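To start, the structure under review is shown below, and the notes come after it.
The values are calculated or read from the model by the stated rules, or taken from the named source; none is laboratory data. Being a predicted model, the structure only gives us computed values, none of them experimental. Glycine gets a Cβ as well: all are built from the backbone with ideal geometry, and neighbour counts include every protein chain shown.
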Amino acid sequence: MPHVFPVPTLDHVVVNVRDRIDEAAETYRRLGFTLTPRGHHTLGSMNHLAIFGTDYLELIAVPPGETGRPEIMAAPLGLNGLVFGTHDAAATYETLRRQEVAVDPPLDFSRPVAVAGGQRDAAFRTTNLPHASVPFGRLYFCEHRTPNLVWRDEWRHHDNGTVAVARAVIAAEDPDALGRLFARMFGRRTVRPTDDGCALILGLSRFDVVTPGALWEMFGDAAPDSRGRPDYMAALTLRTLSLDAAEAALEAGGIRGVDRIGTSVLVPASEAFGVTIEFSV
């Protein structure tokens, strides 16, 4: 019987804002996003989400003095998590182990969500690749036990018109090394060579892995500071219904350094808590 790999799908992307959740939430509202009410995980972290069609963007932080999530304060501001979807985190864990991919055992946690009629717990089960395998950020799989408490229509509409995450960009000195990891996880056909490195195809999204020089050629001064890191998560391309709507939302929010180039609108990392954001149609 042929080996069956997990199918790579995108669940969400994570922007690390450390202990600056109030400032980050205000910034992302000025970027034109509708954010969910603040959530508090049983793990000790807290978040706001910008919910799209089938994926979302998460702002993750810890309260002052919280010690339960040391990896949040240990990482710089910016894009720090790329999360795959799974319907069964335990099965994914076992499959990855058989493929000799280092992976941590599944972890269950939740956060309360206020809904009509009272409060319910949004529940999750995740399985993470350990930091030693992916020092450039966090890669993990997320199983939603209660997806109806996350993808709610009142949170899906954004002034900037965003409907999906189209792409994440990772800078790596050796893109092929990360490409080989993705191939072990999902099979060789999911990884394609590109002029600047390689790409993992996830449904209608993709993760582009490029050299730091290629990242600079893509985004110039809008690229994030590497902070001395050889490899790091750098940028997001978000699909919008309208570039005009995106530009109008950014202008209304007082976002500086915005540049419209062809079929995209570029927001520098300095205006988005360390991640370059590109709106594209």
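A few remarks follow.
- Among the candidates 220, 262, 253, residue that is more than 26 Å from residue 10 (Cα to Cα) and surrounded by 16 or more Cβ atoms within 10 Å (Cβ to Cβ): 253
- When restricted to residues that are buried (at least 19 other Cβ atoms within 10 Å of the Cβ), more than 8 Å from the chain's Cα centre (by Cα) and among the aliphatic types (A, V, I, L, M), segment 6-20 contains 2.
- Residues that are at pLDDT 95 or above and not in a strand (DSSP E or B) within segment 101-124 comprise 101, 102, 103, 104, 105, 106, listed in sequence order.
- Residue in segment 187-206 that is outside the structural domain of residue 77 (by TED's automatic domain parsing), under 25 Å from residue 27 (Cα atoms) and not in a strand (DSSP E or B) present: no
- Any hit, segment 211-226, residues being closer than 23 Å to residue 26 by Cβ, in contact with a helix residue (DSSP H, G or I) (Cβ under 6 Å, 6 or more places away or on another chain) and in contact (Cβ under 8 Å) with a residue 60 or more places away in the chain: yes
- Output for segment 29-78, where each listed residue is more than 18 Å from the chain's Cα centre (by Cα) and not hydrophobic (A, V, I, L, M, F, W, C): 30, 37, 40, 42, 44, 63, 64, 65, 66, 67, 68, 70
- Count - residues of segment 85-100 that are of a type in the set (Asp, Glu) and either touching a strand residue (DSSP E or B) at 6+ places or on another chain (Cβ under 9 Å) or part of a strand (DSSP E or B) (or both): 1
- Residue match in segment 57-69 (condition: under 18 Å from residue 11 (Cα atoms) and among the small types (Gly, Ala, Ser)): no
- Qualifying residue in segment 46-53 (condition: among the β-branched types (Val, Ile, Thr), in contact with a Cys (Cβ under 7 Å, 6 or more places away or on another chain) and under 21 Å from residue 205 (Cβ atoms)): no
- Contact map, segment 21-39: residues that are free of Cβ contacts under 8 Å to residues at least 24 places away in the same chain paired with residues that are crowded, with 19+ Cβ neighbours inside 10 Å and of a type outside the set (A, V, I, L, M, F, W, C), Cβ distance under 7 Å, separation 6+ or inter-chain. Pairs shown: 38/48.
- Every condition in (1) closer than 30 Å to residue 269 by Cα; (2) assigned to a helix (DSSP H, G or I) holds for residue 82 except the one numbered (2).
- Among the residues of segment 130-153, just one is free of Cβ contacts under 8 Å to residues at least 12 places away in the same chain and charged (D, E, K, R), namely 153.
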